[in-house]
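Input: a single structure, listed below in structure tokens.
The values are calculated or read from the model by the stated rules, or taken from the named source; none is laboratory data. Quick caveat: nothing in here was measured; it's all calculated off a predicted structure. Cβ atoms come from the backbone with ideal geometry, glycine included; neighbour counts cover every protein chain shown.
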Amino acid sequence: MEINDIKHKKIKAWVEETAAICRPDAIYVCDGSQAEYDRLMDEMIKSGLGTPLKKRPSSVLFRSDPSDVARVEDRTYIASAKEEDAGPTNHWIDPNELKKIMSGLYTDSMKGRTLYVIPFSMGPIGSQISKNGIEITDSAYVVCNMHIMTRVGTKVLENLGEDGEFVKCLHSVGKPLASGQADNGTWPCADMEHKYISHFPEERLIWSYGSGYGGNALLGKKCFALRIASVLARDEGWLAEHMLILKITNPKGEVKYITGAFPSACGKTNLAMLIPTVPGWKVETIGDDIAWMKFGKDGRLYAINPEAGFFGVAPETSDSSNKNAMESIKQNTIFTNCGLSDDGDIWWEKIGYLPKGESVIDWHGKKRPAPLKESSPKGEEIAHPNARFTAPAKQCPSIASEWEDPAGVPISAFLFGGRRPSTIPLVHQSRNWNHGVFIGSIIGSEVTAAVISDKIGQVRRDPFAMLPFCGYHMGDYFKHWIETGKKTTPDKLPKIFYVNWFRKDKEGNFMWPGYKDNSRILAWVFDRCNEADNAVETEIGFMPKPGSINIDGLDVKPEVLKELLEVDREGWKKEIQDVRENHYPKFGNKIPKELTEELSALEARLSKA
Ligand code: GTP
Ligand code: SPV
Ligand code: MN
């Protein structure tokens, strides 16, 4: 489509204004068709950027620039009008100053390239909870990924009509081409110091420059569906969260929906798609990364998955760890920074088999002897640790039939968690809503390869798994959660749980098998939501009554299980001290008194014990 096909005056004007600054060679409006996707993919294959995979129909491998492999938190900005509104956990620049810097960068930034206009919807088109966006980008790779990750094209423009609301998302890879120059198969992006992932919350505006990777460039995802949406959610009284959504059915056929907030690369996709090891139980998938939730007329919270695909972590995904993900990526999938084996298939560490043939091409594009082991030393991986697949959600065998229900699904429980090698038990339940909000506010995790950082492996507090994704002051965000709890009766609110699949023993091995066996904990959580008599009250909350977790066929020694399920009082005392001295003070007087009261009450309970 062409720009004159756009009937929405504001969209058309914004595209024209942007083109006048970025000066692309051409403008193209995406219709969202398969033919469009195929044509852009073919162009990228012909240019040498993408490698088609012999073993997977309509699937293509991309290798990014080594500087452009994950989100860049240090280059991510919340440019609210007032610095205070961004809060202590976000980078802030005065919006006028930032716009000046970035306008300079955007000037002529699309020379030699096409400006693509992507009309997209986050959530099923027409749902009360869904929202529209327009992404302008100079990357065909972004267009194809957005095709999978969101609903794109003509139907969105129709839904927008002549004056519908939309979030403006501007993206440029920041690599203009001189006349006659081409990428020649290399991944275009700008240097780190010129990368900017910027949000102007008051204007519902996103400006991203210099990166083509993942959440930096697919602006519907973290930028819109979390950073901007969290601000909309605060203003409009709903929740935009970094949460998977799953459907679980017990052996009697009773259904519940559970969400889980775990930081990046901490197991959301895996939990959302798990195949239970507990007989008779069934888990199905609604979403694997983001949940938008609004109260229904019945006073319960209803969630939709605003996305339409999975942008999942590739390494360690295998038939044994996540069979449903492996099935989802058999065709029509984009792979980024995976290895390539001699038989024309992708390969990554712990994929469950060794690559066929004598050599592999690693994510740098370098030919190497085929590995003899399934894991590689740190820094020498064949697939980058944040290598990802982009796959349509509808290809997932475990996708629930109601995953696109515009009304959403009613949520019974929230899980919070992260990678904590010590202290935090396998599972415990909050005493009530405010105690649950307290738990969400203190969760922490070892930093993973999902972000470019020199702190990978170190534990950091990541409240609600939203540290990198909250578009406003985190203290106000805590307050919003407290207020949410007052909007309905306690029996209708989701129950809140803290889980930890990542406890390690003295040798550094995981104590809990995780993955499928997390279904044992989901079953316990399900029964808790029915007020089953399966818990004991402890200082930190409700924990499994001995014998209440199904351990049939589980390969864990009884003493290890006991350790996973007991209160580590000394550890918790240190936890409290750290929250009191280092974590909560960051938020100054914005920390809700309900949370400091919960902290003191927990401390009092632990010191009595
Ligand atoms: P993002 O897409 O970055 O938000 O990640 P995510 O939260 O969806 O994480 P994902 O499910 O992709 O898992 C990330 C990594 O953790 C993968 O390498 C998994 O194999 C591993 N993982 C997931 N679940 C478990 C678990 O229960 N135990 C252990 N030990 N590892 C797990
Ligand atoms: C995350 O980092 O939490 C992701 C990947 O889900 S990205 O889309 O790059 O943010
Ligand atoms: Mn994520």
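For region 47-57, indicate whether the set of residues that are crowded, with 17+ Cβ neighbours inside 10 Å, within 16 Å of ligand 2 (Cβ to nearest atom) and of a type in the set (K, R) is non-empty.
The answer is no, given that none of the residues of region 47-57 is crowded, with 17+ Cβ neighbours inside 10 Å, within 16 Å of ligand 2 (Cβ to nearest atom) and of a type in the set (K, R).
Just wondering, is there one or more residues in region 451-471 that are more than 16 Å from ligand 2 (Cβ to nearest atom), surrounded by 21 or more Cβ atoms within 10 Å (Cβ to Cβ) and over 28 Å from E537 (Cα atoms)?
The answer is no; no qualifying residue exists.
I need the full set of residues from region 171-197 which are loosely packed, with under 11 Cβ neighbours inside 10 Å and not in a loop (DSSP other than H, G, I, E, B), in order please.
Answer for region 171-197, where residues must be loosely packed, with under 11 Cβ neighbours inside 10 Å and not in a loop (DSSP other than H, G, I, E, B): just E193.
Only residues that are assigned to a loop (DSSP other than H, G, I, E, B), among the charged types (D, E, K, R) and crowded, with 20+ Cβ neighbours inside 10 Å: list them for region 386-423, please. I'd like the intermediate steps shown before the answer.
Applying the first criterion (assigned to a loop (DSSP other than H, G, I, E, B)) to region 386-423 yields 386-387, 396-398, 400-408, 418-423.
So of that shortlist, the ones also among the charged types (D, E, K, R) come out as 402, 404-405, 419-420.
Matches in region 386-423: R419, R420.
Tell me, yes or no, whether region 533-542 has at least one residue that is among the small types (G, A, S) and crowded, with 16+ Cβ neighbours inside 10 Å.
yes
Residues that are away from ligand 2 (no atom under 16 Å from the Cβ) and more than 23 Å from R460 (Cα to Cα): which helices (runs of 4 or more DSSP H) entirely in region 214-288 hold 1 or more of them?
229-236
Yes/no per residue for (1) within 16 Å of ligand 1 (Cβ to nearest atom); (2) touching a helix residue (DSSP H, G or I) at 6+ places or on another chain (Cβ under 7 Å):
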position	(1), (2)
E202	no, no
Y209	no, yes
G212	no, yes
L246	yes, yes
E254	no, no
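For region 393-402, indicate whether the set of residues that are in contact with a His (Cβ under 8 Å, 6 or more places away or on another chain) and either under 22 Å from D343 (Cβ atoms) or of a type outside the set (G, A, S) (or both) is non-empty.
No, that holds for no residue.
Just the residues that are surrounded by 18 or more Cβ atoms within 10 Å (Cβ to Cβ) and under 21 Å from I439 (Cα atoms), please, taken from region 543-563.
Scanning region 543-563 gives M543, P544.
What are the residues in region 343-365 that are within 11 Å of ligand 1 (Cβ to nearest atom) and touching a strand residue (DSSP E or B) at 6+ places or on another chain (Cβ under 8 Å), if any?
W348
Could you please give the count of residues in region 302-342 that are of a type in the set (S, T, Y), farther than 23 Å from K247 by Cβ and away from ligand 1 (no atom under 12 Å from the Cβ)?
Initial filter on region 302-342 (of a type in the set (S, T, Y)): 302, 317-318, 320-321, 328, 333, 336, 341.
Among the residues that remain, those that are also farther than 23 Å from K247 by Cβ are: 318, 333, 336, 341.
From the residues that got through so far, the ones that are away from ligand 1 (no atom under 12 Å from the Cβ) too are 333, 336, 341.
Adding up the residues that qualify gives 3.
For a quick check of your reading: which helices (runs of 4 or more DSSP H) sit entirely within region 487-600 and have at least 2 residues that are modelled with pLDDT of 95 or more and within 29 Å of the chain's Cα centre (by Cα)?
Output list reads 518-529, 569-578.
Among what's in region 258-301 and is aromatic (F, W, Y) and surrounded by fewer than 24 Cβ atoms within 10 Å (Cβ to Cβ), pick the residue that is farthest from ligand 1 (Cβ to nearest atom).
Residue satisfying both the conditions and the ranking: F295.
Just to be sure, is G164 without any contact (Cβ under 8 Å) to a residue 12 or more places away in the chain and in the same structural domain as S230 (by TED's automatic domain parsing)?
So G164 fails the test.
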